[in-house]
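Everything on this sheet refers to the single structure shown next.
The values are calculated or read from the model by the stated rules, or taken from the named source; none is laboratory data. Predicted, not measured: the structure shown is a model, and the values here were computed from it. For neighbour counting, all protein chains shown are included, and Cβ atoms are generated from backbone atoms with ideal geometry for every residue, glycine included.
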């Protein structure tokens, strides 16, 4: 109030400077405030993201702007920039385990950058603000390595190697989802090469190359065959076309000769016409000169004698010139006639030479067509047939050799498996017998008995036997103590049983129960054997 009263009193006193000084200070204050507020307005370049943090709103940590500008209020807000420039990240992935448990090496290059999507920009502002490029690249590399290993674990080697589109789609999908969480956007993926430690991919490539080579060989053979057929057809068409062209050439030469003769005649006629025309021009010129001479003489007579003398001199000069021109015309005419005659002779000689050359070429073409062309065709046909026969023989021989080799290999594998199976069976049989080692040979012998009996039956199966007659006395013992045939056979068979048992015992074989058993001979039986009464145990002291 005091200042206001002072200003009013000063104004009342008539001093205007006392009013302008406060107004100037207020204007400066307003100007400085405006400049400060202007400095707090931040513009965002097109290759950056403006991040304003501080008090930016409820439940928000930062506010992002791409392009344009925004006011950054002092004390309660601050700002920073995020670069949108792409970052190239090398991923030297080695030893990643695929679906079929084969480790592969997949070196790749990923290009990422901060996204301009509002949600992703906020993610980048929350997780990447104030970080340098190296730390951002390290975080992205760790995420990409994990996702790339995860994608490879879901695919087989064949899918990774053949279906690259599916492989790249899975990489883009999985990696993009993970890097979006930290505000990055996947721009590009470049898989440099795919290898494996076991060489499986290389083997697949070699197999595909071998299949392609085989298909190419078959196609080459087919193309060679079609080429030989096409060559024969082309030779035939060429011969026909050559004959047609020769005929056309002969016809054209005849027409040229006719045109040449007509042209020569025309030139001669033109020469005669030119000669007559020259004579006519000479006569006309002579007449004109004579007329001029007469006129000059008439004019000279009318003039003075000097004019007459001058006219006579001019007339003489003109006459001399006329004679000179006449002589020149005659010389030119003779020269033209000689040149025309010379050209006509040269043209005639050239025409004769061309005719002779055409006849010679026609004769050579005829001989080539009638004699050489069939021989060349036959020679080529024989060569093609010989090559085809040789190729067929080679392929048949190779096929037979492969078939024989495959047959022998299959037989060898079959024999080997049979022997291995028999060895296992024998081993199990011996294991099953345990301590009784004599059981195994007996079982094997019994197993082979049907085959032996079958072979014996085959030996007599073709013999025709109507009946069997046994001649015997029927009385057992004869008077002299001899036995009948049948009784003797049975006695001999029974008597051979002990020897069979001894042989089986030595061989370690147990005979079937039907062959009986051998028991020791008791003492009383031996005593009875010394007498004449037989025992119930048999004459030989053994059971039957």
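Condition first: within 15 Å of residue 86 (Cα to Cα), surrounded by 13 or more Cβ atoms within 10 Å (Cβ to Cβ) and not assigned by TED's automatic domain parsing to the domain that holds residue 47. Can you find one or more residues in the range 147-162 that meet it? Let's see the steps before the verdict.
Of the range 147-162, the ones within 15 Å of residue 86 (Cα to Cα) are none.
Checked the range 147-162: no residue is within 15 Å of residue 86 (Cα to Cα), surrounded by 13 or more Cβ atoms within 10 Å (Cβ to Cβ) and not assigned by TED's automatic domain parsing to the domain that holds residue 47.
Could you list, in sequence order, all residues of the range 132-146 that are surrounded by 15 or more Cβ atoms within 10 Å (Cβ to Cβ) and free of Cβ contacts under 8 Å to residues at least 40 places away in the same chain?
In the first step, residues of the range 132-146 are kept if they are surrounded by 15 or more Cβ atoms within 10 Å (Cβ to Cβ); the result is 136-137, 139-141, 143-145.
Of everything in the range 132-146, just one residue is surrounded by 15 or more Cβ atoms within 10 Å (Cβ to Cβ) and free of Cβ contacts under 8 Å to residues at least 40 places away in the same chain, namely 143.
Which of the following residues is part of a helix (DSSP H, G or I) and surrounded by 12 or more Cβ atoms within 10 Å (Cβ to Cβ): 328, 342, 282?
None of the others qualify; the one that does is 282.
Please find, among 368, 348, the residue that is surrounded by 10 or more Cβ atoms within 10 Å (Cβ to Cβ), assigned by TED's automatic domain parsing to the domain that holds residue 235, out of contact with any helix residue (DSSP H, G or I) (no Cβ under 7 Å at 6 or more places or on another chain) and touching a residue at least 60 places away in the same chain (Cβ under 8 Å).
Values: 368 fails: touching a residue at least 60 places away in the same chain (Cβ under 8 Å).
From the options 368, 348, the qualifying one is 348.
What's the total number of residues in the range 119-146 that are part of a loop (DSSP other than H, G, I, E, B) and out of contact with any strand residue (DSSP E or B) (no Cβ under 9 Å at 6 or more places or on another chain)?
2
Evaluate the range 422-438: report whether one residue or more is more than 30 Å from residue 235 (Cα to Cα), part of a helix (DSSP H, G or I) and modelled with pLDDT of 80 or more. Outline the logic, then answer.
Of all residues in the range 422-438, those more than 30 Å from residue 235 (Cα to Cα) come to 422-438.
Okay, now just the ones that are also part of a helix (DSSP H, G or I), so 422-433.
Narrowing the set further to residues that are modelled with pLDDT of 80 or more leaves 424.
Looking for residues that are more than 30 Å from residue 235 (Cα to Cα), part of a helix (DSSP H, G or I) and modelled with pLDDT of 80 or more, one finds at least one in the range 422-438, hence yes.
When residues of the range 99-118 are filtered for being touching a strand residue (DSSP E or B) at 6+ places or on another chain (Cβ under 9 Å) and modelled with pLDDT under 85, how many remain?
1
Tell me which strands (runs of 3 or more DSSP E) are completely within the range 51-118 and hold 3 or more residues being surrounded by 14 or more Cβ atoms within 10 Å (Cβ to Cβ) and in contact with a helix residue (DSSP H, G or I) (Cβ under 7 Å, 6 or more places away or on another chain), or say none if there are none.
So the answer is 87-97, 103-114.
Being surrounded by 10 or more Cβ atoms within 10 Å (Cβ to Cβ), closer than 25 Å to residue 245 by Cα and touching a residue at least 12 places away in the same chain (Cβ under 8 Å) narrows it down to one residue among 384, 355; which is it? Before the answer, list the steps.
Numbers: 384 fails: closer than 25 Å to residue 245 by Cα.
Within the list 384, 355, the selection yields 355.
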